[in-house]
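Working notes for the structure below.
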Amino acid sequence: VSPSPGGIMVAFGVREALSAQQIYWAEMEDGRRQFRQYIGTGDVFPAIIVDDILRSGRAIQETIDLVKGLGSEVIGIGSIVAFEDAPTEFDGIPVKSMLKFDVNFYETEEEWRGSRSASEAEEQTVRF
């Protein structure tokens with residue numbers, strides 16, 4: 001189960017790896033997270049919640065609440081990337097992530113150069 005359309009590809013990958021039968025995803029509509037697909041009580045078997053990026057954890061927590069509201073159990077939680085200050089567990093279920101992202105913001109380049117995030121890589125400018 002993905003908390004948002006951004007995590008659909010992650011959910012498909014997990015479904016393939018586990019030979020699961022179905023994926024579901026939630027979306028924000030009218031200010032609240034909900035499933036767009038018709039899902040009835042008992043339709044979602046024990047679920048794994050996966051997303052591309054874990055920041056505050058709000059989307060994952062809201063999705064856990066949706067799944068539990070259907071009478072299903074959440075048995076795992078994962079993300080591709082998690083910010084370092086993101087939650088590490090929900091309701092006692094540890095979060096598994098492939099990559100941690102530094103959330104530090106620096107006022108000056110000198111402050112950054114003195115941090116553990118500093119690199120000798122050449123700075124590049126990207127136009128959008």
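The values are calculated or read from the model by the stated rules, or taken from the named source; none is laboratory data. Just so it is clear, the structure is predicted and the values come from calculations on it, not from any experiment. Here the Cβ is made from the backbone with ideal geometry for all residues, glycine too, and neighbour counts use every protein chain on show. Surface accessibility is based on the protein's heavy atoms, side chains included, excluding ligands, DNA and RNA. Shrake-Rupley method; radii C 1.70, N 1.55, O 1.52, S 1.80 Å.
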Inset, instruction - Sort out the exposed loop trypsin sites (Lys or Arg not before Pro) in the chain (DSSP loop, at most 11 other Cβ within 10 Å) and tell me the longest stretch that has none. - result: 37-115
Inset, instruction - Whole number please: convex hull volume per residue, Cα atoms of the chain, in Å³. - result: 160 Å³
Inset, instruction - For residue 79, enumerate residues with amide H under 5 Å from its amide H, sequence gap 5+ or separate chain, H modeled in the peptide plane. - result: 51, 96, 97, 98
Inset, instruction - Please figure out what share of the DSSP beta bridges in the chain is antiparallel and state it in percent, rounded to the nearest 5. - result: 30 percent
Inset, instruction - Keeping all protein chains in position, work out how much accessible area residue 97 exposes to a 1.4 Å probe, and write it in Å² to the nearest 10. - result: 50 Å²
Inset, instruction - May I ask for the angle, rounded to the nearest 10°, between helix 58-69 and the longest principal axis of the chain, with both axes built from Cα atoms and the value confined to 0 to 90°? - result: 10 degrees
Inset, instruction - Roll a 1.4 Å probe over the protein chains and send me the accessible area per residue for segment 1-74 in Å². - result: 57 Å²
Legend entry - Distance (nanometres) between label positions extended 7 Å along Cα→Cβ at residue 115 and residue 34: 4.0 nm
Inset, instruction - With everything on Cα atoms, drop me the angle between helix 8-18 and the longest principal axis of the chain, reported from 0 to 90° to the nearest 10. - result: 70 degrees
Inset, instruction - Multiply the residue separation of residue 45 and residue 18 by 0.36 nm, subtract the distance between their alpha-carbon atoms, and state the gained length in nm to one decimal. - result: 8.4 nm
Legend entry - Environment charge of residue 102, counting only residues whose C-beta is closer than 11 Å and scoring Lys/Arg +1, Asp/Glu -1: 0
